[in-house]
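A.B. asks: Dumping the structure here so I can ask a few things about it.
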Amino acid sequence: MAAKLQPKGVPHSKPPFTVGQLRKAIPPHCFQRSFLRSFSYLAYDLSLVCIFYYIATTYIPTLPSPLTYVAWPVYWFLQGCILTGIWVIAHECGHGAFSEYQKINDVIGLILHSAILIPYFSWKYTHHLHHANTSSMERDENFVPKPKSKLPKYSKQFNNPLGRAIRLIISLTVGMYLYLAFNLAGRKHDRLASHYDPYSPLYTDRERLQIYITDAGLFATTPVLYKVAAAKGLAWLMCVYGVPVLFANGTIVLITFLHHCHPDLPHYDSSEWDWLRGALSTVDRDYGIFNKVFHNITDTHVAHHLFNSIPHYHAMEATKAIKPVLGEYYQVDNTPILKSLWRSTTECLYVEQDEVRKGVYWYRNKL
């Protein structure tokens with residue numbers, strides 16, 4: 001039985017099990033990666049993209065003017081959800097979960113991410129750092145919380161319903177791009193840490209060539225989009241492509257935020273952090289029918305942080321297998337997503353030390 005999250009109720013002491021014991025609990029076939037099976041999911045998603053595109057471009061322009069204001073948002077939502085699923089498949093390429101062949105994984109990941117304006121290798125390497133250092137106050141690379149003393153001066157003015165709404169809108173629209181360009185919400189470095197810069201402090205000398213390749217993928221996409229805009233118009237391009245891509249990237253921000261920013265999840269400094277406790281400091285969420293659309297990254301995220309090379313089509317089985325071993329260390333929150341989003345935005349403002357274990361930090365919101 002999964003533990004229901006309670007204030008300070010999430011276990012944060014050393015677990016009574018090992019990674020090896022968790023691995024043994026998972027059926028061996030769950031670690032098998034099939035190129036054909038993975039590609040079938042990608043082909044299915046791409047076929048839906050084409051179908052929605054055809055319907056939108058063929059029928060929406062023929063609708064009476066008032067109905068187009070309804071039809072286009074419906075298209076944006078549906079197409080954006082499918083593109084989110086494709087984002088997740090590209091994410092699996094970065095983890096080597098798409099197939100057993102890393103070159104195939106990287107080629108497909110580079111194409112998919114470039115098509116939705118995400119720098120593939122740049123994101124891949126910082127995402128690996130996130131998985132290697134989850135919930136570490138010093139080394140995590142994603143949604144790194146701040147202590148109260150390091151909050152921006154304007155935080156108090158934005159700690160109200162209107163301010164939270166503004167923060168949410170910014171995060172879900174341009175948050176992904178601010179993270180990629182300026183490493184906003186990432187770990188602090190001694191200089192600008194941009195995902196587009198091959199010489200960014202985010203990367204090692206061995207990785208810089210692949211950052212150039214990533215930038216080339218984005219540069220190759222840009223003239224295609226320019227030609228489409230020149231031929232069809234910028235408004236057409238935004239309606240058909242731009243808004244769904246913004247929606248998909250915003251959805252990824254939302255999913256990641258809710259996995260790692262929960263009022264009852266701990267963070268650790270170097271005196272307490274270890275890899276297993278960090279990996280367990282995440283929570284599975286229920287998005288209803290969209291769990292399948294998003295290839296179950298939403299409701300199998302705990303297993304994903306423990307064994308990120310397991311492909312999504314085995315993730316549910318792996319999750320069920322490790323639950324008995326994890327016991328109270330497995331966390332799931334089935335609160336409705338919009339309610340959870342507002343709660344985490346409200347309550348996860350900064351962190352402060354645990355009263356007893358000074359290396360453990362909890363979210364707080366009172367300024």
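The values are calculated or read from the model by the stated rules, or taken from the named source; none is laboratory data. Because the structure is a prediction, the values reported are computed rather than measured. Backbone-built Cβ (ideal geometry, glycine too); neighbour counts: all protein chains shown. In case anyone asks, the SASA skips ligands and DNA or RNA and just uses the protein heavy atoms, side chains included. Shrake-Rupley method; radii C 1.70, N 1.55, O 1.52, S 1.80 Å.
A.B. asks: Is there a residue in region 241-255 that is touching an Asp or Glu at 6+ places or on another chain (Cβ under 9 Å), within 24 Å of ILE337 (Cβ to Cβ) and buried (at least 21 other Cβ atoms within 10 Å of the Cβ)? Walk me through it before giving the result.
C.D. replies: First, the residues of region 241-255 that are touching an Asp or Glu at 6+ places or on another chain (Cβ under 9 Å): none.
No, region 241-255 contains no residue that is touching an Asp or Glu at 6+ places or on another chain (Cβ under 9 Å), within 24 Å of ILE337 (Cβ to Cβ) and buried (at least 21 other Cβ atoms within 10 Å of the Cβ).
Conditions tested, residue by residue: (1) of a type in the set (Ser, Thr, Tyr); (2) not in a helix (DSSP H, G or I).
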{"residue": "GLY175", "(1), (2)": "no, no"}
{"residue": "LEU180", "(1), (2)": "no, no"}
{"residue": "LEU184", "(1), (2)": "no, yes"}
{"residue": "TYR196", "(1), (2)": "yes, yes"}
{"residue": "THR221", "(1), (2)": "yes, no"}
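A.B. asks: Return the residue satisfying two criteria in turn: it lies in region 180-236 and is of a type in the set (Val, Ile, Thr) and in contact (Cβ under 8 Å) with a residue 12 or more places away in the chain, and of such residues it is farthest from LEU112 (Cα to Cα). Full working, then the answer.
C.D. replies: Let us first name the residues in region 180-236 that are of a type in the set (Val, Ile, Thr), namely 204, 211, 213-214, 221-222, 224, 228.
Next cut, in contact (Cβ under 8 Å) with a residue 12 or more places away in the chain only: 211, 213-214, 221, 228.
Numbers: ILE211: 16, ILE213: 14, THR214: 12, THR221: 11, VAL228: 18 Å.
Among residues in region 180-236 that are of a type in the set (Val, Ile, Thr) and in contact (Cβ under 8 Å) with a residue 12 or more places away in the chain, the one farthest from LEU112 (Cα to Cα) is VAL228.
A.B. asks: Acidic (Asp, Glu), in contact with a strand residue (DSSP E or B) (Cβ under 6 Å, 6 or more places away or on another chain) and modelled with pLDDT of 95 or more, is that true of ASP299?
C.D. replies: Details: acidic (Asp, Glu): yes; in contact with a strand residue (DSSP E or B) (Cβ under 6 Å, 6 or more places away or on another chain): yes; modelled with pLDDT of 95 or more: yes.
For ASP299, the condition - acidic (Asp, Glu), in contact with a strand residue (DSSP E or B) (Cβ under 6 Å, 6 or more places away or on another chain) and modelled with pLDDT of 95 or more - is met.
A.B. asks: Find all pairs meeting these conditions: Cβ atoms under 8 angstrom apart; at least six residues apart or on different chains; first residue within region 46-73 and outside any helix (DSSP H, G or I); second residue of a type outside the set (Lys, Arg).
C.D. replies: Pairs that qualify, where the first residue is outside any helix (DSSP H, G or I) and the partner is of a type outside the set (Lys, Arg), are LEU63/ALA71.
A.B. asks: Let me ask something else about it. Within the set of pairs 6 or more residues apart or between chains, which connect a residue that is open to solvent by 20 Å² or more (accessible area, probe 1.4 Å) inside region 116-138 to a residue that is of a type in the set (Ser, Thr, Tyr) and assigned to a helix (DSSP H, G or I) with Cβ atoms less than 8 Å apart?
C.D. replies: Hits for this filter: LEU117/THR221.
A.B. asks: Restricting attention to region 344-362, and to residues there that are of a type in the set (Val, Ile, Thr) and surrounded by fewer than 18 Cβ atoms within 10 Å (Cβ to Cβ), which single residue is farthest from SER171 (Cα to Cα)? Give the steps one after another, and end with the answer.
C.D. replies: Initially, region 344-362 is screened for residues of a type in the set (Val, Ile, Thr), giving 345-346, 351, 356, 360.
Add one more test, that the residue is surrounded by fewer than 18 Cβ atoms within 10 Å (Cβ to Cβ), and what stays is 346, 356.
On the way: THR346: 14, VAL356: 34 Å.
Once the filter is applied, the top-ranked residue is VAL356.
A.B. asks: Can you go through ILE104, ILE55, ILE60 and tell me which one is open to solvent by less than 70 Å² (accessible area, probe 1.4 Å) and over 23 Å from the mean Cα position of the chain (by Cα)? Steps first, please.
C.D. replies: Values: ILE104 fails: over 23 Å from the mean Cα position of the chain (by Cα); ILE55 fails: open to solvent by less than 70 Å² (accessible area, probe 1.4 Å).
Selected residue: ILE60, the only one of ILE104, ILE55, ILE60 that is open to solvent by less than 70 Å² (accessible area, probe 1.4 Å) and over 23 Å from the mean Cα position of the chain (by Cα).
A.B. asks: May I ask you to list the residues in region 175-191 that are loosely packed, with under 12 Cβ neighbours inside 10 Å and either modelled with pLDDT of 95 or more or hydroxyl-bearing (Ser, Thr, Tyr) (or both)?
C.D. replies: Matches in region 175-191: none.
A.B. asks: Check CYS81 against each of (1) farther than 22 Å from PHE31 by Cβ; (2) open to solvent by 10 Å² or more (accessible area, probe 1.4 Å); (3) part of a helix (DSSP H, G or I) and name the one condition it does not meet.
C.D. replies: Status for CYS81: all satisfied but (2).
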